[in-house]
C-alpha cells in the first residue's frame, strides 16, 4: 500500500506560510551548504502529489515552469476547477486519497496547505510527516494544521540538523 507523506517546511512557531499565503520567508533562511534538504531523493520516491487550491494558486505564480512535471498532481478544491496538463481537481480529497493509496505506484506527497493537512489527518490518511523546522518565527500566518486536528501519537523515527539551523523531523503516526 502506498503511503501519504506530508513533506513540508514550517517556521518555529508552526506556520507554513504568512497571513496571505506568502512563502518568500523561506528564501531568507541562509543555506551556506546549498543543500536541498533531501528534496531530490524525496521527489524520486513519489509519483503523485496532492495540494490545496490556495497552495496550487501560489505555485502557479512561481517563476519558471511548473515544479512537479513528472508526477500526477491533484488539487483539492471546494470550487470546481478545470483540469489541465499539470493538475486534476477534486472536491473529495478523502475518497481520492483512499483510492490512490490502494493503487500500485510510489508514495503520495501531501504538499499542503493547512486545511487539507487537517482534513487528511483527521481521516487517518497521513502515514508519515517530514517536517523541516526553519529557524524563523513568523508570528502570524497559516498553521501546519489550520483547524483543530484530532489527537494522535507520533513516533520520531529520524531527525537531522543542518548547518543552516534547519531541523528535519521524521515522524510515523502510531496506528
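The values are calculated or read from the model by the stated rules, or taken from the named source; none is laboratory data. None of these values were measured; they are calculated from a predicted model. Quick reminder, even Gly has a Cβ in these numbers, built from the backbone with ideal geometry, and neighbours come from all protein chains shown.
Among the residues of segment 129-153, those identified as within 17 Å of the chain's Cα centre (by Cα) and farther than 15 Å from residue 13 by Cβ are 129, 130, 147, 149. Among the numbered conditions (1) farther than 24 Å from residue 174 by Cα; (2) under 16 Å from the mean Cα position of the chain (by Cα), the only one that residue 117 does not meet is (1). Among residues of segment 146-169 that are on the phi > 0 side of the Ramachandran plot and touching a residue at least 60 places away in the same chain (Cβ under 8 Å), those with a beta-carbon under 9 Å from a residue that is exposed (fewer than 15 other Cβ atoms within 10 Å of the Cβ) and part of a loop (DSSP other than H, G, I, E, B) at least six positions away or on a different chain give the pairs 165/30; 165/135. Could you look through segment 154-172, keep only residues that are buried (at least 16 other Cβ atoms within 10 Å of the Cβ) and over 16 Å from the mean Cα position of the chain (by Cα), and pick out the one that is nearest to residue 18 (Cα to Cα)? The selected residue is 166. For residue 148, the conditions (1) surrounded by 19 or more Cβ atoms within 10 Å (Cβ to Cβ); (2) in a loop (DSSP other than H, G, I, E, B) all hold with the exception of (1).
Of all helices (runs of 4 or more DSSP H) completely enclosed by segment 1-115, which ones contain at least 1 residues that are modelled with pLDDT of 95 or more and surrounded by fewer than 20 Cβ atoms within 10 Å (Cβ to Cβ)? Explain how you work it out, then say what you get.
Details: elements: 39-44, 53-60, 93-101.
The qualifying helices (runs of 4 or more DSSP H) are 39-44, 93-101.
Of the listed requirements (1) more than 16 Å from the chain's Cα centre (by Cα); (2) under 30 Å from residue 28 (Cβ atoms), residue 80 misses just one: (2).
So is residue 124 more than 27 Å from residue 30 (Cβ to Cβ) and not in a strand (DSSP E or B) or not?
Working: more than 27 Å from residue 30 (Cβ to Cβ): yes; not in a strand (DSSP E or B): yes.
Yes, satisfied.
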